[in-house]
Amino acid sequence: MSIRERLSGNEATALGMKQINPDVVAAFPITPSTEIPQYFSTFVSNGSVDTEFVAVESEHSAMSACIGAEAAGARAMTATSSNGLALMWEMVNIASSLRLPIVMALVNRAISGPLNIHCDHSDAMGVRDAGWIMLFSENNQEAYDNLIMAHRIAEHKEVLLPLMVCQDGFITSHSIENIELIEDDKVKAFVGKYEPKDYLLNKKNPLSIGPLDLQAYLFEHKAAEADAMRNAKKVILEVADDFEKLTGRKYSFFEEYKLEDAEVAIICMNSTAGTAKATVDELRDKGVKVGLLKLRVFRPFPAEEIANAIAHLKAVAILDRADSLNAVGGVLFQDITSALYVNNKNVKAVNYIYGIGGRDTKMDDLEKVYNDLLEIKDSENKVENPYRYLGLRKED
């Protein structure tokens, strides 16, 4: 029987970590993820877990400590945001290249500069190609659930890749919501014991682990890493199926909200999906056939599945909470339009950059997007100005 509670996203994440009881947690504080290691450190100090908590001097060192711990055969976790993730960048790539299934809670925040402590997805987009599995969370419940599933995915023998669970800074990390927790014993049974095959402290099979990999092998190792990311798609669905049996909560690569008979739809990630659902409901009450695709799994990118899910639409708006600054739209827009092209699906698409630096995105804003889509679907011409901003103040 589930436990009803009221928690912020950070609290829910820390509590999930407590239930998992990892061997090592290494972290350095940075807003808005600071509360996660702070809450978790109280569990260490009061004996609720037997985790070795390593308070390091920087985020680079936090990921370095996790790499060392995981390489030695320990289950390791951490949490960070924004510039902390940027400072980890070297070690983030080493973690994945060494095939170490570290789990990180990433509380999304704008990357400096200028300095901003509020939510956008520029931190996550900065490491999108670093070889980490990336799960996004609409609300506190999903942040908790994704974390509980994370080790099962990352540690699978056909995957062995690190994984980050993303949630929106302040919007969900500090907002208190109702949540259903799983009992401690059921979490431990679901996650299971970490039993790596190869690790530094295995005296029966001595080995060395390091980041040096020259011309003779690097290409092949990167290809193997890419294969592991492809394997993760199947494993993610298998773990989600087991999780549904445990909790009744169903997860997949994405959620289709009133999409089946929709003519136009928005695609987005994280907390904006909640606002979009409310907007869809309001427009449906007026007889307007709109829908939503909320992406949960960003890496590996479910290209074929997304293309098939939206192929019947007449127009789609792809919302990016980070700008690639490349003059041709955001990352999610590029990935989805590529998926449509490769899978031979012809759907009119428009990109909206929104919510940069924590700018609020309200139902009125999303209703404007849907109204734009209704015009686009009825137009005989190609989409005019496919690269747009949503909620940008105009100069007087």
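Of the residues 210, 248, 274, 192, which single one is at pLDDT below 95, out of contact with any strand residue (DSSP E or B) (no Cβ under 6 Å at 6 or more places or on another chain) and either farther than 25 Å from residue 96 by Cα or not assigned by TED's automatic domain parsing to the domain that holds residue 310 (or both)? I'd like the intermediate steps shown before the answer.
Numbers: 248 fails: at pLDDT below 95; 274 fails: at pLDDT below 95; 192 fails: at pLDDT below 95.
Selected residue: 210, the only one of 210, 248, 274, 192 that is at pLDDT below 95, out of contact with any strand residue (DSSP E or B) (no Cβ under 6 Å at 6 or more places or on another chain) and either farther than 25 Å from residue 96 by Cα or not assigned by TED's automatic domain parsing to the domain that holds residue 310 (or both).
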Inset, instruction - Looking for whichever is at negative phi, of a type in the set (D, E, K, R) and buried (at least 24 other Cβ atoms within 10 Å of the Cβ) here; the options are 52, 59. Which one fits? - result: 59
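I'd like the full set of residues that are part of a helix (DSSP H, G or I) and free of Cβ contacts under 8 Å to residues at least 60 places away in the same chain, limited to the range 242-256.
Of everything in the range 242-256, those that are part of a helix (DSSP H, G or I) and free of Cβ contacts under 8 Å to residues at least 60 places away in the same chain turn out to be 244, 245.
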Inset, instruction - Name, by its number, the condition in (1) touching a Lys or Arg at 6+ places or on another chain (Cβ under 8 Å); (2) among the hydrophobic types (A, V, I, L, M, F, W, C); (3) free of Cβ contacts under 8 Å to residues at least 60 places away in the same chain that does not hold for residue 356. - result: (3)
Inset, instruction - Please verify whether the range 175-186 includes one or more residues that are surrounded by 15 or more Cβ atoms within 10 Å (Cβ to Cβ), of a type outside the set (Phe, Trp, Tyr), touching a Gly at 6+ places or on another chain (Cβ under 6 Å) and at pLDDT 95 or above. - result: no
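Inspect all residues belonging to the range 48-70 and state whether any of them is more than 30 Å from residue 223 (Cβ to Cβ), touching a residue at least 60 places away in the same chain (Cβ under 8 Å) and of a type outside the set (Lys, Arg).
Here is the first cut: in the range 48-70, the ones more than 30 Å from residue 223 (Cβ to Cβ) are 48-58, 61.
Keeping just the survivors that are touching a residue at least 60 places away in the same chain (Cβ under 8 Å) gives none.
No: the range 48-70 contains no residue that is more than 30 Å from residue 223 (Cβ to Cβ), touching a residue at least 60 places away in the same chain (Cβ under 8 Å) and of a type outside the set (Lys, Arg).
Residue by residue, here is whether (1) out of contact with any helix residue (DSSP H, G or I) (no Cβ under 6 Å at 6 or more places or on another chain); (2) under 20 Å from residue 321 (Cα atoms); (3) surrounded by 24 or more Cβ atoms within 10 Å (Cβ to Cβ) holds:
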site: 80; (1), (2), (3): no, yes, yes
site: 85; (1), (2), (3): no, yes, yes
site: 98; (1), (2), (3): yes, no, no
site: 112; (1), (2), (3): no, yes, no
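From the list 343, 308, which one is surrounded by fewer than 21 Cβ atoms within 10 Å (Cβ to Cβ), of a type in the set (S, T, N, Q), more than 20 Å from residue 377 (Cα to Cα) and out of contact with any Leu (no Cβ under 8 Å at 6 or more places or on another chain)?
Testing whether each residue is surrounded by fewer than 21 Cβ atoms within 10 Å (Cβ to Cβ), of a type in the set (S, T, N, Q), more than 20 Å from residue 377 (Cα to Cα) and out of contact with any Leu (no Cβ under 8 Å at 6 or more places or on another chain) leaves just 343.
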Inset, instruction - Might you let me know whether the range 31-40 holds any residue that is farther than 23 Å from residue 189 by Cα and surrounded by fewer than 17 Cβ atoms within 10 Å (Cβ to Cβ)? - result: yes
Legend entry - Residues of the range 274-323 classified as touching an Asp or Glu at 6+ places or on another chain (Cβ under 8 Å), not in a strand (DSSP E or B) and not aromatic (Phe, Trp, Tyr), total: 12
Inset, instruction - Return the only residue of 307, 349 being assigned by TED's automatic domain parsing to the domain that holds residue 290 and within 24 Å of residue 281 (Cβ to Cβ). - result: 349
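Of the residues 350, 342, 369, 328, only one is modelled with pLDDT under 95, of a type in the set (A, V, I, L, M, F, W, C) and on the phi < 0 side of the Ramachandran plot; which? Before the answer, list the steps.
Details: 350 fails: modelled with pLDDT under 95; 342 fails: modelled with pLDDT under 95; 369 fails: modelled with pLDDT under 95.
None of the other options fit; the residue is 328.
Determine which member of the set 364, 378 is within 30 Å of residue 31 (Cα to Cα), of a type outside the set (Ser, Thr, Tyr) and surrounded by fewer than 18 Cβ atoms within 10 Å (Cβ to Cβ). Step through it out loud before you land on a result.
Details: 378 fails: within 30 Å of residue 31 (Cα to Cα).
That would be 364, the only listed residue that is within 30 Å of residue 31 (Cα to Cα), of a type outside the set (Ser, Thr, Tyr) and surrounded by fewer than 18 Cβ atoms within 10 Å (Cβ to Cβ).
Take residue 340 and tell me if it is outside any loop (DSSP other than H, G, I, E, B) and within 27 Å of residue 113 (Cα to Cα). Outline the logic, then answer.
Details: outside any loop (DSSP other than H, G, I, E, B): yes; within 27 Å of residue 113 (Cα to Cα): no.
When the stated conditions are applied, residue 340 does not pass them.
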Inset, instruction - Go through the range 207-235 residue by residue and tally those that are among the hydrophobic types (A, V, I, L, M, F, W, C), out of contact with any Leu (no Cβ under 9 Å at 6 or more places or on another chain) and not in a loop (DSSP other than H, G, I, E, B). - result: 6
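The values are calculated or read from the model by the stated rules, or taken from the named source; none is laboratory data. These numbers come from a predicted model, not from an experiment. Reconstructed Cβ throughout: ideal geometry from the backbone, glycine too, with neighbour counts over all protein chains shown.
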